[in-house]
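A short worksheet on the structure shown next.
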Amino acid sequence: MSRHPGEAEITGHRPYSDLTATRHVPIEQEVTAACMRHIDRDRHDVTTPSKGRPTRAVSVLLTGAIAAGLALSVAPAHASTTELEGSWRGRGTERATYSDRAVFSGAGARFTYGRPGDKPLVGDWDGDGRDSLAAHRGHFLFFRNQLSGGDADVTYYYGRTGDVPVVGDWDDDGRDTVSVLRDGVLHVNNKLRGGHAEYTVRMSQSAALGRPEPRPSAEQRTRTVLDRYGCEDVVLEMASPDLGTAVGAAFWEETPQRIAIDPQRVDDLEHTAAHECAHMLQFRAYEEYHTPERSAGYTLWPHLDTLTGSTGHLGGEKLADCMTYRWGFATTGSYTRDQQWCAQHSDIVDALLAGRTPHPAPTPAVSPEPETRTHEQRARDVMDRYGCADVELDLGPLPPEKAHLVGVAYWDDVPQRIAVDPERTRDLERTVTHECAHMLQYDAYVPYAKPGLSPAYALYPHLNEITGLDRNLGAERLADCMTYRWGFAPTGSYTRDLAWCDEHSDAVDALLDRRVPDPAPAVPS
């Protein structure tokens with residue numbers, strides 16, 4: 001089933017398309033007792049909001065519809081204004097009006113916000129203790145953080161035209177957000193942004209709100225996405241040690257194929273699952289280019305780069321985000337949020353979603369000469385080439401404390417050594433060069449060693465400082481950028497963002513020359 005961006009798929013019930021956001025006193029009186037409720041996503045029960053502010057008139061009717069769990073039929077109001085309630089000045093509840101010409105009047109202010117026909121929503125969008133307006137138009141939302149006219153501070157679209165917007169502080173963080181009600185299901189959104197709902201709750205069909213159904217587990221949510229978009233046969237691993245620092249990965253060259261995701265570290269579980277599933281579809285589109293010696297990815301990556309004018313495998317990554325955008329994920333991900341770019345390459349996206357190789361098709365794969373070198377010879381060749389000729393090499397399983405890694409540089413040892421598990425790394429040469437890059441970083445900071453402390457004590461904080469990162473990620477990302485300079489197009493597990501590497505090219509230049517990047521820290525006495 002194809003969907004529009006920002007929509008969550010729920011079918012099987014009559015929509016609340018006949019509800020209006022206007023004040024309707026008889027209905028309001030019927031449901032007021034249930035209005036001051038919201039859903040606690042952790043306990044899955046009905047609680048009283050911590051703020052205890054009166055419900056806004058806009059939300060009175062809508063939340064009331066949830067409370068009753070019924071498709072209430074409300075005739076459109078003929079009045080020229082909608083009554084609103086809010087803590088406009090942070091001094092208790094005050095009444096105001098919003099006219100059908102988008103004019104707000106109340107709390108000592110009068111201004112125009114939105115367009116005629118917009119429906120007003122009231123909430124504390126920035127957590128400052130004062131309510132302000134949002135304009136609801138179709139499935140677009142325009143938020144204003146001040147009680148005045150002007151441009152929207154936040155704009156996005158969420159849900160479908162005809163959904164019923166519901167304002168609430170769903171996670172008790174002190175900020176209101178807008179969820180939508182559709183067919184008896186509340187699609188909860190705890191952020192002022194588009195995309196999929198964080199979770200959905202089916203409301204009971206009784207006169208009280210009742211207990212919502214238990215929220216699906218992270219694995220169930222991920223599995224639902226994989227099943228929906230063509231990855232139903234893929235093995236799923238949650239928080240696999242093979243992830244390293246990534247939040248999700250598609251192991252498409254394996255039999256059976258598998259997807260690994262760490263639900264504790266990913267910001268958008270469903271989008272991450274869809275992105276990795278998109279890679280599976282890309283890989284399958286290139287299966288005819290598979291040879292016994294080389295996987296289909298050997299052709300896939302450079303071909304998609306050629307078609308899109310990209311480098312470093314970014315063509316495949318950006319197109320995976322465009323594919324997830326087609327599936328309804330409004331924020332197209334970490335590689336491209338440029339919907340114009342996706343539209344420009346729509347023919348390629350069409351082909352990949354249909355399981356076809358985009359045209360013009362690449363030249364059929366030619367089997368290379370079989371690899372005759374041993375793992376040790378292959379590793380030693382790249383170590384000798386990139387400045388680690390004097391470094392010792394250990395091949396085989398890593399010790400238990402490093403078992404979650406595929407390679408590690410023991411740069412504090414004498415002699416220095418690199419250890420790699422060739423049975424677990426998918427790219428032996430790239431792994432070895434990444435560790436060699438760490439050796440060059442270490443050499444650059446040797447002047448900063450002092451008794452009892454290695455050069456690393458200055459290396460890590462300094463590289464974090466000049467890159468604006470923490471947890472030693474500055475050194476890791478720069479090591480990936482260094483291997484990219486050496487010709488390894490996929491820049492690794494820490495960064496695939498070539499623009500980031502270009503931004504820090506001076507630091508990369510210095511480290512490749514075994515120099516400390518500027519501005520250099522003070523040399524210890």
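The values are calculated or read from the model by the stated rules, or taken from the named source; none is laboratory data. Everything quoted here is computed from the prediction, not taken from an experiment. Reconstructed Cβ throughout: ideal geometry from the backbone, glycine too, with neighbour counts over all protein chains shown.
So which residues in the stretch 131-150 are among the aromatic types (Phe, Trp, Tyr) and touching a Gly at 6+ places or on another chain (Cβ under 9 Å)? Even if it seems obvious, please write down each step before you answer.
So in the stretch 131-150, the residues among the aromatic types (Phe, Trp, Tyr) come out as 140, 142-143.
Answer for the stretch 131-150, where residues must be among the aromatic types (Phe, Trp, Tyr) and touching a Gly at 6+ places or on another chain (Cβ under 9 Å): 142, 143.
So, in the stretch 404-433, exactly how many residues are touching a residue at least 12 places away in the same chain (Cβ under 8 Å) and either over 15 Å from residue 482 (Cβ atoms) or of a type in the set (Ser, Thr, Tyr) (or both)? Break it down stepwise before answering.
Initial filter on the stretch 404-433 (touching a residue at least 12 places away in the same chain (Cβ under 8 Å)): 404-409, 411-412, 415-433.
Imposing the further condition that a residue be either over 15 Å from residue 482 (Cβ atoms) or of a type in the set (Ser, Thr, Tyr) (or both) reduces the set to 404-406, 408, 412, 415-417, 419-428, 431, 433.
Total satisfying the criteria: 20.
Looking at (1) at pLDDT 90 or above; (2) among the small types (Gly, Ala, Ser); (3) buried (at least 19 other Cβ atoms within 10 Å of the Cβ); (4) more than 16 Å from residue 120 (Cβ to Cβ), find the lone condition where residue 194 falls short.
Unmet for residue 194, out of (1) at pLDDT 90 or above; (2) among the small types (Gly, Ala, Ser); (3) buried (at least 19 other Cβ atoms within 10 Å of the Cβ); (4) more than 16 Å from residue 120 (Cβ to Cβ): (1).
Could you tell me how many of the residues in the stretch 414-425 are within 22 Å of residue 473 (Cα to Cα) and either loosely packed, with under 15 Cβ neighbours inside 10 Å or in the same structural domain as residue 252 (by TED's automatic domain parsing) (or both)?
Residues meeting the conditions: 0.
So, in the stretch 449-470, exactly how many residues are touching a residue at least 60 places away in the same chain (Cβ under 8 Å) and either closer than 15 Å to residue 510 by Cα or of a type in the set (S, T, N, Q) (or both)?
So the count comes out to 0.
What residue, among those in the stretch 432-465 that are more than 21 Å from residue 389 (Cα to Cα) and crowded, with 19+ Cβ neighbours inside 10 Å, is farthest from the chain's Cα centre (by Cα)?
448
On the given criteria, is residue 155 free of Cβ contacts under 8 Å to residues at least 24 places away in the same chain, within 14 Å of residue 113 (Cα to Cα) and hydroxyl-bearing (Ser, Thr, Tyr)?
Details: free of Cβ contacts under 8 Å to residues at least 24 places away in the same chain: yes; within 14 Å of residue 113 (Cα to Cα): yes; hydroxyl-bearing (Ser, Thr, Tyr): yes.
It is true that residue 155 is free of Cβ contacts under 8 Å to residues at least 24 places away in the same chain, within 14 Å of residue 113 (Cα to Cα) and hydroxyl-bearing (Ser, Thr, Tyr).
Would the stretch 97-120 turn up any residue that is under 29 Å from the mean Cα position of the chain (by Cα), of a type in the set (A, V, I, L, M), modelled with pLDDT of 85 or more and assigned to a strand (DSSP E or B)?
The initial filter retains those residues of the stretch 97-120 that are under 29 Å from the mean Cα position of the chain (by Cα), namely none.
No; the residues of the stretch 97-120 include none that is under 29 Å from the mean Cα position of the chain (by Cα), of a type in the set (A, V, I, L, M), modelled with pLDDT of 85 or more and assigned to a strand (DSSP E or B).
Return yes when residue 281 is surrounded by 18 or more Cβ atoms within 10 Å (Cβ to Cβ), of a type in the set (A, V, I, L, M, F, W, C) and either over 25 Å from residue 236 (Cβ atoms) or not assigned by TED's automatic domain parsing to the domain that holds residue 232 (or both) and no when it is not. Reasoning before the result, please.
Values: surrounded by 18 or more Cβ atoms within 10 Å (Cβ to Cβ): yes; of a type in the set (A, V, I, L, M, F, W, C): yes; either over 25 Å from residue 236 (Cβ atoms) or not assigned by TED's automatic domain parsing to the domain that holds residue 232 (or both): no.
Taking the combined requirement at face value, the residue does not satisfy it.
In the stretch 158-186, which residues are outside any loop (DSSP other than H, G, I, E, B) and touching a Phe, Trp or Tyr at 6+ places or on another chain (Cβ under 8 Å)? It would help to see each step written out before you state the result.
If we filter the stretch 158-186 for residues that are outside any loop (DSSP other than H, G, I, E, B), which is where we start, we get 164-168, 177-182, 185-186.
Matches in the stretch 158-186: 164, 177, 178, 179, 180, 181, 182.
All but one of (1) modelled with pLDDT under 85; (2) closer than 28 Å to residue 451 by Cα hold for residue 516; which doesn't?
(1)
Can you name every residue in the stretch 367-400 that is among the polar types (S, T, N, Q) and farther than 25 Å from residue 485 by Cβ?
The initial filter retains those residues of the stretch 367-400 that are among the polar types (S, T, N, Q), namely 367, 372, 374, 377.
Of everything in the stretch 367-400, those that are among the polar types (S, T, N, Q) and farther than 25 Å from residue 485 by Cβ turn out to be 367, 372, 374.
Evaluate the stretch 381-392: report whether one residue or more is outside the structural domain of residue 240 (by TED's automatic domain parsing), out of contact with any Ser or Thr (no Cβ under 6 Å at 6 or more places or on another chain), crowded, with 17+ Cβ neighbours inside 10 Å and part of a helix (DSSP H, G or I).
Yes, some residue in the stretch 381-392 is outside the structural domain of residue 240 (by TED's automatic domain parsing), out of contact with any Ser or Thr (no Cβ under 6 Å at 6 or more places or on another chain), crowded, with 17+ Cβ neighbours inside 10 Å and part of a helix (DSSP H, G or I).
Can you name every residue in the stretch 293-312 that is over 15 Å from residue 363 (Cα atoms) and at pLDDT 80 or above?
308, 309, 310 - these are the residues of the stretch 293-312 that are over 15 Å from residue 363 (Cα atoms) and at pLDDT 80 or above.
Under 9 Å between Cβ atoms, at least 6 apart or on separate chains: pull out the pairs that start in the stretch 207-230 with a residue that is assigned to a loop (DSSP other than H, G, I, E, B) and modelled with pLDDT under 90 and end on any residue that is of a type in the set (Val, Ile, Thr) and surrounded by fewer than 17 Cβ atoms within 10 Å (Cβ to Cβ).
208/46; 209/46; 210/46; 211/46; 212/46; 216/224
Every residue, every condition in (1) modelled with pLDDT of 95 or more; (2) in a helix (DSSP H, G or I); (3) closer than 30 Å to residue 373 by Cα; (4) not hydroxyl-bearing (Ser, Thr, Tyr), yes or no:
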position	(1), (2), (3), (4)
425	no, no, yes, no
431	no, yes, yes, no
458	no, yes, no, yes
466	no, yes, no, yes
475	no, yes, no, yes
481	no, yes, yes, yes
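Is it fair to say residue 371 is over 30 Å from residue 158 (Cα atoms), surrounded by fewer than 16 Cβ atoms within 10 Å (Cβ to Cβ) and modelled with pLDDT of 95 or more?
Values: over 30 Å from residue 158 (Cα atoms): yes; surrounded by fewer than 16 Cβ atoms within 10 Å (Cβ to Cβ): yes; modelled with pLDDT of 95 or more: no.
Spelling it out, it is not the case that residue 371 is over 30 Å from residue 158 (Cα atoms), surrounded by fewer than 16 Cβ atoms within 10 Å (Cβ to Cβ) and modelled with pLDDT of 95 or more.
Residue 127 fails exactly one of the following numbered conditions: (1) over 25 Å from the mean Cα position of the chain (by Cα); (2) more than 21 Å from residue 187 (Cα to Cα); (3) assigned to a loop (DSSP other than H, G, I, E, B). What is the number of that condition?
Going through (1) over 25 Å from the mean Cα position of the chain (by Cα); (2) more than 21 Å from residue 187 (Cα to Cα); (3) assigned to a loop (DSSP other than H, G, I, E, B) one by one, residue 127 breaks only (1).
Can you tell me which residue is nearest to residue 457 (Cα to Cα) among those in the stretch 400-415 that are touching a strand residue (DSSP E or B) at 6+ places or on another chain (Cβ under 8 Å) and in a loop (DSSP other than H, G, I, E, B)? Before you say what the answer is, go through the steps one by one.
First, the residues of the stretch 400-415 that are touching a strand residue (DSSP E or B) at 6+ places or on another chain (Cβ under 8 Å): 402, 406-410, 415.
Retained after the next criterion (residues that are in a loop (DSSP other than H, G, I, E, B)): 406, 415.
Values: 406: 24, 415: 19 Å.
Residue satisfying both the conditions and the ranking: 415.
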